[in-house]
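Presented below is the structure to which this report refers.
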Amino acid sequence: MRTQVAIVGAGPAGLLLSHLLRIQGIDCVVVEMRSREYCENRVRAGVLEQGTVDTLNEAGLGERMRNEGLVHHGIELLFDRRRHRIDMSKLTGGRAITVYGQHEVVRDLIAAADTHHHKLYFDVTDVSLHDVKTDHPSVRYTHDGVEHTIECDYVAGCDGFHGISRQAIPADVLRTYERVYPYAWLGILADAAPSCDELVYAHHERGFALFSMRSPTVTRLYLQCQPDENLDAWSDDRIWNELETRFENDVGWKPTRGKITQKSVTPMRSFVTEPMQYGRLFLAGDAAHIVPPTGAKGMNLAVADVRMLSRALAARYNESRDDLLDRYSADCLERVWRAEHFSYFMTNMLHPSFDDTPFVNRLKMSELKYVSSSEAAARALAENYVGLPFAPEPRVLGKAA
Ligand code: FAD
Ligand code: DHB
């Protein structure tokens, strides 16, 4: 099989890249090791930055998100048993976030791929990359017991943190930066109407808790826990009791209880790969970088990467320009490091850790009081949370650009 761009992985990064390339007239093939059902039902992130919403709308993928997504103009911080609202829209000139599950974005992307007959292969095995440092790279995989080779011009490694693409970059070229946090998140989905219109990030001496939602009838909640937490030790009652303790506040607000339909533990890690390109291999999304979820940046960074990569590939094919491809890694890493810092800052401020000294505890409380009382500090938090605007668009003469 021959294509222009071979894409490994059908998460948000790979699926959106495929769509953005197709609408600019660039041929591509996506190979994914999981089943379609698995990808469509994998519950993960939920907060879309303004730039992500704009990207999906511009690509003609926004209809269901506009109908079902919940637009939020602020968030709350809860500490010392008091709630403090950060008015993000007021502080950022009207920008907002949209709460819309990652798996809904993935479903919309797969539906669009079906409609436009994109080449998207699920349940593949033995994916391997070849000759990425040459002008004729290829991707090999097995599907239904038959081995296949995709000959291509470029390979996009969109296969997440545990994928194989990053390993194609030689160890003496690849630099990695990493921090593993001594805690994790226990996340639940519950059939319960959200009892608050906005997200609540709570700092409590027993640990962090987050109140979020997926729809007018589904609440999403998280509790800080041990990285090796045993889910069997968490009955539904224990989860609700712990949530109520950590969200305790002076006005008696609490999440409404309901049937818990999903439970999982998410580890917390910061990780960056430099460079994000090697020869004709371009890494995007979690394949290149991971953030702890506190800043809600993971999926948004994946979208920003593939937006950049699709523009760069369109410049190559439609204008014979390589400059954007040459700058891809450096351009992405600017945004990546800002998001890394913000996620690290939010994570440290909101999570007590067993190794915090009383001095560090006091610093965290001081920081929480500062961001909720100083307009300058609140604005810095808000502009990072809603997401920094994209750089002005390079002019690309594409078919549908
Ligand atoms: P992924 O979504 O990981 O997609 C990569 C795809 O590649 C997968 O479908 C995978 O099956 C496939 N793949 C892997 N290896 C191969 C291979 N060898 N061959 C073919 N295909 C392969 N972010 C938030 O902002 N908030 C959250 O609450 C949140 N929760 C998370 C919970 C978990 C458990 C995880 C892992 C991440 C979470 N994130 C969260 C981060 C966010 O979901 C990711 O940043 C986002 O999924 C990145 O998209 P991606 O397409 O780069 O990678
Ligand atoms: C959600 C996840 C996050 O990591 C976050 O910071 C806010 C909300 C969510 O899943 O809804």
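The values are calculated or read from the model by the stated rules, or taken from the named source; none is laboratory data. All figures in this text were calculated on a predicted structure; none of them were measured in a lab. Using ideal geometry, Cβ is built from the backbone for each residue, glycine included, and neighbour counts are taken over all protein chains shown.
When we screen Glu40, Glu49, Glu32, Glu68 for residues that are modelled with pLDDT of 95 or more, within 16 Å of ligand 1 (Cβ to nearest atom) and touching a Ser or Thr at 6+ places or on another chain (Cβ under 9 Å), the only hit is Glu49. Being without any contact (Cβ under 8 Å) to a residue 60 or more places away in the chain, over 21 Å from Arg85 (Cα atoms) and surrounded by fewer than 22 Cβ atoms within 10 Å (Cβ to Cβ) holds for only one residue in Asp326, Asp355, Asp331, and it is Asp326. For the stretch 199-211, indicate whether the set of residues that are closer than 21 Å to Tyr385 by Cβ, of a type outside the set (Phe, Trp, Tyr) and more than 16 Å from ligand 1 (Cβ to nearest atom) is non-empty. Scanning the stretch 199-211, I find at least one residue that is closer than 21 Å to Tyr385 by Cβ, of a type outside the set (Phe, Trp, Tyr) and more than 16 Å from ligand 1 (Cβ to nearest atom), so the answer is yes.
When the stretch 260-279 is filtered for residues that are under 13 Å from Ser165 (Cα atoms) and in contact with a Pro (Cβ under 8 Å, 6 or more places away or on another chain), the ones remaining, listed by number, are Tyr278, Gly279. Taking the criterion of being part of a loop (DSSP other than H, G, I, E, B) and farther than 17 Å from Asn300 by Cβ, the residues of the stretch 10-41 that qualify are Ala10, Ile23, Gln24, Gly25, Ile26, Asp27, Glu32, Met33, Arg34, Ser35.
To keep it simple, each residue is scored yes or no on (1) in contact (Cβ under 8 Å) with a residue 12 or more places away in the chain; (2) part of a strand (DSSP E or B); (3) farther than 22 Å from Arg238 by Cβ.
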residue: Val180; (1), (2), (3): yes, yes, yes
residue: Trp185; (1), (2), (3): yes, yes, no
residue: Ala190; (1), (2), (3): yes, yes, no
residue: Ser195; (1), (2), (3): yes, no, no
residue: Val200; (1), (2), (3): yes, yes, no
residue: His204; (1), (2), (3): yes, no, no
residue: Gly207; (1), (2), (3): yes, no, no
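Taking the stretch 153-188 as the range and being within 16 Å of ligand 2 (Cβ to nearest atom) and over 17 Å from the mean Cα position of the chain (by Cα) as the test, the residues that pass are Tyr181, Tyr183, Leu186, Ile188. Candidates are the residues of the stretch 299-330 that are touching a Lys or Arg at 6+ places or on another chain (Cβ under 8 Å) and small (Gly, Ala, Ser); the one that is farthest from Ile7 (Cα to Cα) is Ala315. Taken residue by residue, the stretch 305-316 has no member that is outside any helix (DSSP H, G or I), of a type outside the set (Ser, Thr, Tyr) and closer than 27 Å to His103 by Cβ.
Only one of the listed residues (Ile239, Ile290) is surrounded by 15 or more Cβ atoms within 10 Å (Cβ to Cβ) and either at pLDDT below 95 or within 15 Å of ligand 2 (Cβ to nearest atom) (or both). That residue is Ile290. Residues in the stretch 229-255 that are touching a residue at least 12 places away in the same chain (Cβ under 8 Å) and more than 20 Å from Phe79 (Cα to Cα): Glu229, Leu231, Trp234, Asp236. Only residues that are assigned to a loop (DSSP other than H, G, I, E, B) and near ligand 1 (Cβ under 8 Å from one of its atoms) were counted in the stretch 289-302, giving 3. Counting only residues that are under 22 Å from His143 (Cβ atoms) and surrounded by 24 or more Cβ atoms within 10 Å (Cβ to Cβ), which one in the stretch 31-47 is nearest to ligand 2 (Cβ to nearest atom)? Filtering first and then ranking leaves Glu32.
Tell me yes or no: at least one residue of the stretch 323-335 is closer than 25 Å to Leu91 by Cα and of a type in the set (Lys, Arg). So far as the stretch 323-335 goes, yes, one or more of its residues are closer than 25 Å to Leu91 by Cα and of a type in the set (Lys, Arg).
In summary, strands (runs of 3 or more DSSP E) completely within the stretch 52-114 and bearing 3 or more residues that are among the basic types (Lys, Arg) and over 19 Å from the mean Cα position of the chain (by Cα) occur at 82-87. Being within 16 Å of ligand 2 (Cβ to nearest atom) and of a type in the set (A, V, I, L, M, F, W, C): is that true of Ile110 here? No. Checking each residue of the stretch 328-351 against the condition of being closer than 30 Å to Leu210 by Cβ and not in a helix (DSSP H, G or I) gives at least one match.
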